[in-house]
Each structure stands twice: as structure tokens, then as C-alpha cells.
Amino acid sequence: MRISDIFHETYTALSGNKARSGLTMLGIVIGISSVIAMISIGQGASSQIQSSIEGLGSNLLTVMPGTIEPGRGVVSSGRGSAQTLTDDDVNALRDIPGVAYVSPELQRRFQIVYSGNNTNTTLIGVHPDYAETRNIQVAAGSFVTDAHVRGLGRVVVLGPTVAEDLFGDEDPIGKTVRVDRVNMKVIGVLEAKGSAGFFNPDDTVFVPLSTMQKILAGTDSLSTISVSVENKELMAQVQAEAMFVLAAEHRVDIENPDFSIVSQADILGALTQVTDTFTLFLAAVASISLIVGGIGIMNMMLTTVTERTREIGLRKAVGAKKRHISLQFLTEAVVLTFVGGAIGITFGWLISVGIAAIAGITTKVSFSAILLAFGVSTAIGIVFGYYPARRAASLNPIEALRYE
């Protein structure tokens with residue numbers, strides 16, 4: 001039996017009852033399109049998270065007070081002689097080979113007021129190196145300088161969201177805002193960068209670190225220290241060296257430090273694991289419709305076998321072998337799922353594009369997801385078409401010819 005004959009018979013059989021064939025394929029179309037859409041949302045989320053993390057700074061290490069508890073991934077208060085990070089730690093980190101920039105930071109939340117408008121936002125005391133470390137650009141005015149840090153400058157640099165909340169369309173440069181009853185001059189506004197999930201530089205205000213420590217917060221401690229490494233290959237080396245240097249500075253055991261050093265890879269790995277698990281869960285839920293669609297195909301093929309019993313008996317009477325009959329019905333099942341899979345991939349891609357356009361969620365349809373969809377649809381046709389094909393091939397030709 002030639003391949004062309006098999007496909008001709010398949011086309012004739014499936015087109016003979018277009019409504020039934022179409023409804024049978026509908027389950028596969030819904031299942032495949034759902035899986036493609038869910039995977040695209042998950043992969044898009046992973047891609048967005050990666051770009052957001054990388055946008056926070058190049059080759060970045062973040063030093064935080066406290067230790068990360070095993071299995072919890074959270075920072076708790078450390079045990080040791082020093083409970084907080086200090087300016088001495090910053091100086092020690094600057095001496096490590098491979099370090100490009102070191103940016104000490106102290107964060108607090110304050111109410112900022114300007115001419116009747118006010119907003120509650122995060123203030124970060126920084127050094128000038130913060131701009132290089134965190135890859136931020138100034139849209140207007142200037143950033144914090146060494147002179148501001150040395151002179152306890154009462155100046156602020158506004159994120160674009162804060163600038164809009166306080167000033168609207170008015171130019172904020174040179175204006176005076178009040179932070180915790182302290183008047184401060186606006187010297188710059190940052191370019192919009194977008195949220196990185198857990199941190200939004202657009203909704204942030206920057207002040208000189210010395211001003212934050214001495215005037216606003218009243219403490220010499222630091223919230224974090226950001227370390228920018230010269231290149232990615234040195235990340236592990238610098239991180240290990242920083243552990244030794246800070247442990248010696250704090251006079252604590254390196255196995256039980258009172259600080260934590262987290263790299264971009266650590267943060268990205270944890271967040272990617274969450275998104276991958278979420279994507280797998282969504283795809284598993286969507287795959288239920290594929291099973292339902294496969295059962296529909298099996299039901300249709302069993303019905304077809306019953307309707308074509310006399311045809312099967314006639315074919316066997318004129319010399320058709322079991323494998324010919326089995327191959328014919330298996331081909332019909334595979335074609336149904338293959339065509340349904342192709343339509344489902346198209347619909348899944350359109351759904352992904354629609355979600356991205358309407359909801360503003362980043363989606364990404366990968367070639368691997370398309371190959372997976374085709375593979376799954378073909379496998380469903382083989383698995384759920386095998387029993388009806390085998391049943392058709394096992395019919396007794398004499399009894400089949402007698403079937404009414």
C-alpha cells in the first residue's frame with residue numbers, strides 16, 4: 001500500500017464528515033493553544049525578570065547586613081561583633097582586585113512635600129559611584145557629587161515618578177522640597193528606567209550619603225553596599241574575596257558571618273526558579289484539555305471503525321493485511337491531531353500577542369515551545385489512535401462483511 005494511497009484515503013475519510021472531524025480537532029486546538037499561550041507568558045516573564053535584574057547594574061554584588069537562613073532565602077539579623085555595615089567596610093571592599101565601583105547606600109522612607117503636593121517614597125543616601133554601579137542616567141540637571149557628600153549637601157535627585165507627583169509639568173530643577181522638615185534643593189531628575197519588581201528607581205529620591213546619615217536618619221550604618229565587578233568572569237573570585245575581607249573586618253567566623261553577599265546570578269536563579277515552576281503549573285493545567293481532546297479522538301475513531309466495518313471486511317477480503325488497516329486508521333488519528341496542533345499553535349501565538357498588547361504582559365513564543373506542541377499533538381494521535389486502529393485491524397473479515 002503506497003503512502004499516497006494512505007493519505008488519499010485519510011483525506012476522503014475525514015472530509016466525508018467535516019463537522020465531526022472539526023469538532024474532534026477542536027479539543028486539540030484548545031489544548032495546544034492554551035499550552036503555547038501559558039508557556040509564552042512564563043518565558044516572557046523570565047525574560048523580563050532577567051532584563052530587569054541586569055538593568056539594576058552590570059556584574060553586581062550586593063552586601064547586606066544579616067545572614068540568609070538556609071532554605072528560607074531571607075535575610076535575618078546576624079550573629080557577631082558587628083550587626084551593621086559601616087563606611088570602613090566600603091574602604092575594605094575598594095581594595096579588592098577586580099572591583100570597579102563600590103556604592104554604599106542607606107535607605108529610609110520619608111514624606112516629601114512641595115507647595116501642597118506630597119508623596120511618601122524611598123530616599124537613598126548614595127555616593128557618586130551609585131550612578132555607574134546601578135546604570136542610571138540623569139535626564140535633567142546633575143547627580144550627587146563628591147562635594148555634596150563632603151559638605152553634607154542638602155540636595156536631592158528625583159526619580160521621574162516622584163518628580164511628576166510633586167511638580168506635574170513644572171520644571172523641578174532648582175526648586176526646594178521639604179524632607180522630614182528639612183529643606184532640600186532639587187539638582188536633578190533621572191531618566192525613566194522602569195520597575196525591577198522589588199525595586200523601582202523611578203519612584204525613588206537620592207541624597208548624599210552623609211546628609212542621609214547625619215541629618216535625616218541619624219545613623220552611621222549602611223543598608224547595603226553595591227559592588228560592581230570589572231567583568232563577569234571575576235564575579236565568583238571577587239565574591240569569595242569580599243567574604244574573607246568583610247569577615248576579617250567584622251572579626252567573625254567566615255562560616256557564620258553577620259552579613260550576606262548576593263550576586264545577580266543568585267537573585268536571577270531564585271526568581272527564574274519561581275517563574276519556571278509557575279510556567280510548568282500553568283502548562284500542566286492547560287494540558288488537561290489535551291487529554292480531553294485525545295479522548296475525543298479515540299471516541300471518534302472507535303465510532304468510525306464501527307461505521308466502516310463492512311469496508312474493513314471488504315478490504316481484508318481482497319487482500320489487505322492487518323498492518324495496512326491499522327496504519328490507515330492510525331494515520332487518520334495522527335492527521336487529526338497534527339492539523340489541530342498546527343491550528344492550535346497559530347491560535348496560541350495570536351493569544352500571546354493579544355495578551356501582550358491588551359494586558360501589557362511580556363510574552364515570548366519560542367521555537368522549542370512550537371516543537372514541543374507539534375511533538376505532543378503527534379504523540380496524542382498515536383497514543384489515542386492506537387487502540388481504535390488495532391481494533392479495526394483485528395476484525396474478522398467474514399463477520400465484518402455480514403455487519404449491518
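The values are calculated or read from the model by the stated rules, or taken from the named source; none is laboratory data. Here the structure is a predicted model, which is why all the values come from computation and not from measurement. Cβ sites come from the backbone with ideal geometry, for glycine too, and all protein chains shown count toward neighbours.
Quick look at the values:
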| read-out | value |
| --- | --- |
| Pair list, Cβ < 9 Å and 6+ apart or interchain, from segment 372-389 residues that are within 15 Å of A283 (Cα to Cα) and in contact (Cβ under 8 Å) with a residue 60 or more places away in the chain to residues that are among the aromatic types (F, W, Y) and part of a helix (DSSP H, G or I) | S377/F338 |
| V144 assigned by TED's automatic domain parsing to the domain that holds P201 and part of a strand (DSSP E or B) | no |
| Among the residues listed as E249, E307, the single one being crowded, with 16+ Cβ neighbours inside 10 Å, farther than 30 Å from A373 by Cα and either assigned by TED's automatic domain parsing to the domain that holds V383 or not basic (K, R) (or both) | E249 |
| Selection within segment 283-294 - in contact with a helix residue (DSSP H, G or I) (Cβ under 8 Å, 6 or more places away or on another chain) and within 14 Å of L372 (Cβ to Cβ) | A283, A286, S287, L290 |
| In segment 161-182, residue surrounded by the most Cβ atoms within 10 Å (Cβ to Cβ) [restricted to those that are within 14 Å of L123 (Cα to Cα) and not β-branched (V, I, T)] | A163 |
| Close pairs (8 angstrom Cβ cut-off, 6 or more residues apart or separate chains): outside the structural domain of T161 (by TED's automatic domain parsing) and surrounded by fewer than 18 Cβ atoms within 10 Å (Cβ to Cβ) in segment 194-223, of a type outside the set (V, I, T) and at pLDDT below 90 anywhere | none |
| Of the criteria (1) modelled with pLDDT of 80 or more; (2) under 19 Å from P65 (Cβ atoms), which one L330 fails | (2) |
| Enumerated helices (runs of 4 or more DSSP H) restricted to segment 222-325, each holding at least 2 residues that are over 30 Å from S394 (Cβ atoms) and at pLDDT below 75 | 264-307 |
| Failed condition for R134, given (1) charged (D, E, K, R); (2) over 26 Å from A100 (Cα atoms); (3) buried (at least 22 other Cβ atoms within 10 Å of the Cβ) | (2) |
| Options S221, S228: the member that is among the small types (G, A, S) and under 28 Å from A45 (Cβ atoms) | S228 |
| Leading residue by the ranking (modelled with the lowest pLDDT) among those in segment 15-52 that are assigned to a helix (DSSP H, G or I), surrounded by fewer than 17 Cβ atoms within 10 Å (Cβ to Cβ) and of a type in the set (G, A, S) | S51 |
| Among the candidates Q239, Q328, residue that is crowded, with 19+ Cβ neighbours inside 10 Å and closer than 30 Å to I370 by Cβ | Q328 |
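Here's the yes/no breakdown for (1) at pLDDT below 85; (2) part of a loop (DSSP other than H, G, I, E, B):
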site: F7; (1), (2): yes, no
site: A13; (1), (2): yes, no
site: E54; (1), (2): yes, no
site: S58; (1), (2): yes, yes
site: L61; (1), (2): no, no
site: G73; (1), (2): yes, yes
site: A82; (1), (2): yes, yes
site: A92; (1), (2): no, no
site: Y101; (1), (2): no, no
